[in-house]
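The values are calculated or read from the model by the stated rules, or taken from the named source; none is laboratory data. Just so it is clear, the model here is predicted, and its values are computed rather than measured. For neighbour counting, all protein chains shown are included, and Cβ atoms are generated from backbone atoms with ideal geometry for every residue, glycine included.
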Amino acid sequence: MIDDIFKERRKYPRIKLKLNAKYKVLDYDQIFQFTRTHNISAEGLCFETAEQLKPGIYTQLEVDLEDCNPPISMVVEIRWIVDAALNKEKKHINGVKIMSMPIKDEARFLKYYCDKIVEKLSAYLK
């Protein structure tokens, strides 16, 4: 039973990656708030917020892949939150699962993710 608590539940590895992004909570009349990602995977990512979100909330997230193209857009569900102090400011780190994104953005995102995995693995060969 204790093994179940510590069992890794992610299907895909996360890569530490700071990318500019912006988010807004769906179902609220809210403007986009700027944020940064902390890591990404094929089906989820982490980003920081000043406001406290709650698990189960859906947000629209736009992430700049720094590839000279417009940011990719996705709808994500907040799965977990951890409080953190970043640069002496209280922040909330939000782990999310990607629920949907346009097909063209999905292709770009998955290619970007795969390229980052290859970069990380190729470092071991040097």
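Numbers for the structure displayed
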item: Members of the range 19-35 that are under 14 Å from the mean Cα position of the chain (by Cα) and in a loop (DSSP other than H, G, I, E, B); result: L19
item: Any hit, the range 50-63, residues being aromatic (F, W, Y) and either under 18 Å from K22 (Cβ atoms) or in a loop (DSSP other than H, G, I, E, B) (or both); result: yes
item: Among (1) modelled with pLDDT of 95 or more; (2) touching a helix residue (DSSP H, G or I) at 6+ places or on another chain (Cβ under 7 Å) - the single one S100 does not satisfy; result: (2)
item: Filter pass, V25 being under 28 Å from K88 (Cβ atoms), of a type in the set (V, I, T) and touching a Pro at 6+ places or on another chain (Cβ under 8 Å); result: no
item: Boolean, A85 is assigned to a strand (DSSP E or B), over 23 Å from D29 (Cα atoms) and free of Cβ contacts under 8 Å to residues at least 60 places away in the same chain; result: yes
item: Meets criteria (modelled with pLDDT of 95 or more and touching a His at 6+ places or on another chain (Cβ under 8 Å)) for F34; result: no
item: Cross-chain or 6+ apart pairs with Cβ under 6 Å, the range 1-20 first and at pLDDT 60 or above, then among the aliphatic types (A, V, I, L, M); result: Y12/A42; I15/I40; L17/I40; L19/V63
item: Residue satisfying all of: in the range 52-96; among the charged types (D, E, K, R), in contact with a strand residue (DSSP E or B) (Cβ under 7 Å, 6 or more places away or on another chain) and closer than 20 Å to F32 by Cβ; surrounded by the fewest Cβ atoms within 10 Å (Cβ to Cβ) among these; result: K54
item: Residue check for N20: surrounded by fewer than 16 Cβ atoms within 10 Å (Cβ to Cβ) and of a type outside the set (K, R); result: yes
item: Residue list for the range 64-82, filter: assigned to a loop (DSSP other than H, G, I, E, B) and in contact (Cβ under 8 Å) with a residue 24 or more places away in the chain; result: D64, L65, E66, D67, N69, P71
item: Residue match in the range 53-70 (condition: under 11 Å from the mean Cα position of the chain (by Cα), aromatic (F, W, Y), within 27 Å of D27 (Cα to Cα) and modelled with pLDDT of 95 or more); result: no
